[in-house]
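Step one of this worksheet: look at the structure below.
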Amino acid sequence: MSEGKVKASKVRIQQPPEGTTGLDGQFHVYTFDVFHKVFLPGRVFDNIERAVSYQRHEQERIYAEQEADPELFDLPFLSSDPELIARVERDPAYQQRLIRDLTSEARSRIRRR
């Protein structure tokens with residue numbers, strides 16, 4: 001069974017703060033636990049199509065498993081930052097920016113339903 005090509009052109013990739021070094025050129029799929037406001041580790045991919053495919057699969061799995069209000073679903077997201085979890089713990093401003101971006105993304109997803 002072959003899958004159709006994933007359209008990755010409209011996917012938003014969270015970028016690390018300006019001046020960040022140590023980027024690996026890969027795509028990282030993390031999960032944001034909206035209820036507890038923590039970032040969970042995910043998987044790393046070499047190309048955007050596979051990362052997007054995994055993100056969508058993970059999102060479907062989460063929706064099927066979690067019984068919560070739509071605004072409280074865990075949210076898988078893409079980032080180019082290999083050290084996102086450590087950086088979030090060190091930099092509260094970066095953490096707040098990510099949380100703001102991801103929660104607003106979740107709210108817009110609810111409105112589209």
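Just so it is clear, none of the values below were taken in a lab; they were calculated from the coordinates. Every value quoted in this text rests on a predicted model; they were computed, and no experiment measured them. Here the Cβ is made from the backbone with ideal geometry for all residues, glycine too, and neighbour counts use every protein chain on show.
Tell me, what ³J(HN,Hα) does each residue in segment 32-37 have, in order and in whole Hz, if you take phi through Karplus 6.51 cos²θ - 1.76 cosθ + 1.60 with θ = phi - 60° and put x for Gly and Pro?
Working through the residues one at a time gives 9, 7, 5, 5, 8, 6 Hz.
Provide the gained length on full extension for the span GLN15 to ILE62, in nm with one decimal, where the gain is 0.36 nm per separating residue minus the Cα-Cα distance.
14.5 nm
Using Cα pairs under 8 angstrom and six or more residues apart, how large is the relative contact order of segment 26-76, in percent?
44
At what distance in nm do the modelled label points of ASP24 and ASP69 sit from each other, each positioned 7 Å from its Cα along Cα→Cβ?
With each label point 7 Å from Cα toward Cβ, the separation is 3.7 nm.
Amide H to amide H under 5 Å from VAL38: which residues, 5+ apart in sequence or cross-chain, H placed 1.01 Å off N in plane?
So VAL38 has HN proximity to ASP33.
FRET efficiency for ARG100 and ASN47, Cβ-Cβ distance as r, R0 = 35 Å, nearest 0.05?
Working from the Cβ atoms, E equals 0.80.
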